[in-house]
Amino acid sequence: MFKLVKKELSLCVHPTSILFLSFCLFIFIPNYPYEVMFFFSGLSIFFTRLSVRENGDLAFSVALPVKKSHVPLAAIFTAGIFQIALLLLAAVCVAVKECTFPVEAQINLSGNIANLAFIGCGAMLLGTFNLLFFPLYFKKPDKVGLPFVAAAAAIFVLIAMLITIRFVLPPSVNVFNTVDPAFLGAKLSALALGLCLYAGFTALSACLSVRLFRRVDL
């Protein structure tokens, strides 16, 4: 499978997968809904799978001496590399902002503060995208648009919910939307939960994608 991952990285990955990693810098924009950066990660996956379809890469991949089930696994694993890279870069930007910006400059009037809990929410958003996009895509690989629309719509609904919760629920306002290291235990719990959801959603996405792709006649 790792040879397929190498092929994905060498031949399939769209340039936006690398370009959109720089959107972690959104964290330094004052009063901005930082969660939007995770939508662009999904957009880069859409561009990659669209390129795969136009180049007939799936038919080429299944013609190689590899297991058919490894094709969707390699695609999801490759996407995961860039998603984890975005989370790590976002975490670095959060740390830099917390170390260099005054407290009043870290308050976000348009959404959630960039802190440990925010990274956990970002992981949850990425996992949700994977869970919706990849099974729908590998069920009908020639239909890339519908899976993306479904996954992107879910992402924006979740972003809207997270921003609404930030202004409505007292625990969110008083605990999770504070500057680190305040309420560190609660934020670490949110981070751990988000990472677990990402891992669980992505693993489930891989299982469903493999099962559905086996039925596809290329």
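The values are calculated or read from the model by the stated rules, or taken from the named source; none is laboratory data. Quantities reported herein were computed from a predicted structural model and do not represent experimental measurements. Here the Cβ is made from the backbone with ideal geometry for all residues, glycine too, and neighbour counts use every protein chain on show. Ligands, DNA and RNA are stripped out before the accessible areas are found, and what is left, the full protein with its side chains, is counted by its heavy atoms. Shrake-Rupley method; radii C 1.70, N 1.55, O 1.52, S 1.80 Å.
Over the Cα atoms of segment 54-100, the radius of gyration divided by the Kirkwood radius equals 1.32; this is the Rg/Rh ratio. Full extension of the chain segment joining K6 with K140 gains 45.9 nm, where the gain is 0.36 nm per residue of separation less the Cα-Cα distance.
Multiplying the residue separation of S51 and V66 by 0.36 nm and subtracting their alpha-carbon distance yields 3.3 nm. The alpha carbon convex hull volume per residue for the chain rounds to 108 Å³. For segment 20-92, the spread of Cα positions along the three principal axes, ordered from largest to smallest, is 50, 22, 14 Å.
Inter-label distance, N31 to V173: 1.8 nm, where each label sits 7 Å from its Cα along the C-beta direction. The residues of the chain expose on average 47 square angstrom of accessible surface per residue, using a 1.4 Å probe on protein heavy atoms.
Only helical runs count toward this figure. For the chain, summing -39,500 (n - 2.57) over DSSP H runs of n ≥ 4 and dividing by all residues gives -23000 deg cm²/dmol at 222 nm.
Give the calculated FRET efficiency between V92 and C207 to the nearest 0.05, with a Förster radius of 35 Å applied to their Cβ-Cβ distance.
In this case the efficiency is close to 0.65.
If you look at the Cα atoms of segment 49-151, you get an Rg and a Dmax of 18.2, 58 Å.
Expressed as a whole percent, the proportion of Cα-Cα pairs in segment 102-218 lying more than 23 Å apart is 40%.
Separation of segment 23-81 from segment 158-218 is 19 Å, based on Cα centroids. When the inverse distances between all different Cα atoms of segment 138-190 are averaged and flipped, the Kirkwood radius reads 13.5 angstrom.
Straightening the chain between A150 and E104 buys 12.8 nm, computed as 0.36 nm per residue apart minus the Cα-Cα spacing.
In a DSSP loop and with at most 16 other Cβ atoms within 10 Å, the trypsin sites (Lys or Arg not before Pro) in segment 31-132 are K67, K68.
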